[in-house]
2 protein chains.
Amino acid sequence: MTTQAQGLHARVLETLGPAITAGEYKPGSVLRTDELAERLEVSRSVMREAVRVLESMHLVESRRRVGVTVRPVAEWNVYDPQVIRWRLAGADRPRQLRSLTVLRSAVEPVAAGLAARNATPEQCAELTECALGMVATSRGQQLEAYLVHDIAFHRVILNASGNEMFAHLGDLVAEVLSGRTHHQVMFKDPDPPAVRLHVQVAEAVREGDAARAEELTREIAVGALQELDILAP
Amino acid sequence: MTTQAQGLHARVLETLGPAITAGEYKPGSVLRTDELAERLEVSRSVMREAVRVLESMHLVESRRRVGVTVRPVAEWNVYDPQVIRWRLAGADRPRQLRSLTVLRSAVEPVAAGLAARNATPEQCAELTECALGMVATSRGQQLEAYLVHDIAFHRVILNASGNEMFAHLGDLVAEVLSGRTHHQVMFKDPDPPAVRLHVQVAEAVREGDAARAEELTREIAVGALQELDILAP
DNA sequence: CGCGCTCAAAAGTCAGACTTTTACATCACA
DNA sequence: TGTGATGTAAAAGTCTGACTTTTGAGCGCG
């Protein structure tokens, strides 16, 4: 699943990144590249490259005569896919899933509305196929197969919206959905009403009914929020 | 405005990043670190660090025996603040502003609704202050002063939502708003109705009226979309 | 035609010397 | 005692050169 680290520098990142995002190095604490290089048994050049990347993610700040200081959480590039993966793998995964789900609940309805206007016939067909796949795997403990179709469905919606920023949230949504299946409850089959809603969204998009697609997707989002005990009015 | 490049490596980034995002190096084209280092008159170590950062932004991919290949636009980390800045500075700034504005229109109403539930008294006060500032500067060609208050207003809303992902869009919204003032039309004073809407949002948040805050913010968003000729039904 | 072998190109890694910035302490002077 | 100039050393930053590793591509052989 996770990209196997190729290159020494990537392996260092896979050590430091999760450690920092997990709060193992508290914000404000200072590291020294030389000491780190020695501890992780790599050359300083490799360590410097790793630090540069962490710096570009705003996880740390490197200053002369001071060292590499860990930045406060509020400054991290929390939309960086790698940062998201590290944080989801860490201890505050539940909090992460909540804030990402709230983001989904804001974005996906609008994306669905746009998809209804902009989806190509191919995308409509793909969407219908995903919905059918979801129906077919919604009973009998085929959770993994269901997940695949669910992810594909939401990805198509985001892509079909025609908006680049929405399209790029595909991986994020995939992480959230698979997180729900793997680490959340979800022992039993998915709720039939949720499955039906997906089918109806596919319908609405196919018919170009933007308002209905948006409203139906909003209902799906409300369901996702309720699953995580995030109150709705 | 733009962070003055400190460190040789940052200067290299400020050369390559804009060039790549502007399409000066087309996706698929290949660069060689040695050749680049020579051309930009820096050592290979510096160039390698820069390439690493570009790689972490998914702008390029570095493979042995091949070189550094520019990735297709669809794979870039378009939520990276630096990438956003580079793209906004480039040729397809209009397209960028559109897609970012659509994102805003999805996120900010939900954020405002959450803010109405979660805002602290301090945040409510700050919000009111921003709104008053907007009113005070809405006439007489004080566009810069107005912009400052406008940015502050939206930033407070996003922060007050209590959602980390929303809060991190503050810089993005700031870029969009300042882009509108500086590079768009906006010769004359802002529309009085828009100003009034902001005041009313502040009111709604103060009173904890989530539904009203969300609806009013949605009206603001519609206005922003219309300014860019993005159709509303 | 295809299979495997070899070669070289390019990134990757390392080590060491040197430069630059700058926090901190020290000291002189008011 | 407080304040400002000065010096020092610590840490990041830079450069260079040698070496290793991977791997695409060409070549020859079956």
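Note on the range A:8-75: percent of Cα-Cα distances in each 5 Å bin, starting at 0 and stopping at the bin with the largest distance, equals 4, 19, 33, 29, 14, 2, 0. Inter-chain Cβ neighbour count for B:47-57, averaged per residue, equals 6 (cutoff 10 Å, partner chain atoms only). Considering helices alone, the calculated mean residue ellipticity of chain B at 222 nm is -21500 deg cm²/dmol, with DSSP H runs of length four and up weighted by -39500 (n - 2.57) and normalised per residue.
Using the Cβ-Cβ distance between A:Asp209 and A:Asp34 with R0 set to 41 Å, the FRET efficiency from 1/(1 + (r/R0)^6) comes to roughly 0.10.
To the nearest Å, what is the center-to-center distance of the range A:73-103 and the range B:137-161, using C-alpha atoms only? The range A:73-103 and the range B:137-161 have Cα centres spaced 29 Å from each other.
In the assembly of identical copies, A:Lys26 has its label point, taken 7 Å from Cα in the direction of the beta carbon, separated from the corresponding points by 5.4 nm (ascending, one decimal).
For the rotation that carries chain A onto chain B, the axis lies closest to a Cβ at A:Tyr79, 2, where the number is the distance in whole Å. Compared with the direct C-alpha span, the chain from A:Asp191 to A:Arg44 gains 47.6 nm at full extension, assuming 0.36 nm per residue. Rounding to the nearest 10 and keeping the result within 0 to 90°, find how far the Cα-based axis of helix A:44-56 lies from the longest principal axis of chain A. In chain A, helix A:44-56 runs at an angle near 40 degrees to the longest axis. Residue ranking by accessible heavy-atom surface, 1.4 Å probe, largest first, among B:Arg117, B:Arg71 comes out as B:Arg117, B:Arg71. Across identical copies of the chain, A:Ala91 has label-point separations of 5.0 nm, listed in ascending order, with the point defined 7 angstrom from Cα along Cα→Cβ.
Our estimate of slack between B:Asn118 and B:Val135, defined as 0.36 nm per intervening residue step minus the Cα-Cα distance, is 3.6 nm. Relative to the other identical copies, A:Gln226 shows label-point distances of 3.5 nm, where the label point lies 7 Å from Cα along the Cβ direction and values run shortest first.
In the context of the full protein assembly, B:Ser178 retains an accessible surface of approximately 20 Å², using a probe radius of 1.4 Å and ignoring ligands and nucleic acids. Using a probe radius of 1.4 angstrom, the carbon and sulfur fraction of the accessible surface of the range B:39-188 is 52%. If I build a Gaussian network model for chain B, linking alpha-carbon pairs within less than 10 angstrom, which residue out of B:Pro27, B:Pro121, B:Pro190 has the largest mean-square fluctuation? Comparing B:Pro27, B:Pro121, B:Pro190 in the GNM, the peak value goes to B:Pro121. Loop-located GluC sites (Glu not before Pro) in the range B:1-68 (DSSP state other than H, G, I, E, B) with a sparse environment of at most 13 neighbouring Cβ atoms within 10 Å: B:Glu24, B:Glu41. Taking trypsin sites (Lys or Arg not before Pro) across the range B:132-222, the ones in a DSSP loop with at most 10 further Cβ atoms lying within 10 angstrom of their Cβ are B:Lys188.
The values are calculated or read from the model by the stated rules, or taken from the named source; none is laboratory data. Note that the structure is a prediction, hence the values are computed from the model and not measured. A quick note on method: Cβ atoms are made from the backbone with ideal geometry, for glycine too, and the neighbour counts reach across all protein chains shown. The protein model used for the area step is the full one, side chains on, heavy atoms only, and it has no ligands, DNA or RNA in it. Shrake-Rupley method; radii C 1.70, N 1.55, O 1.52, S 1.80 Å.
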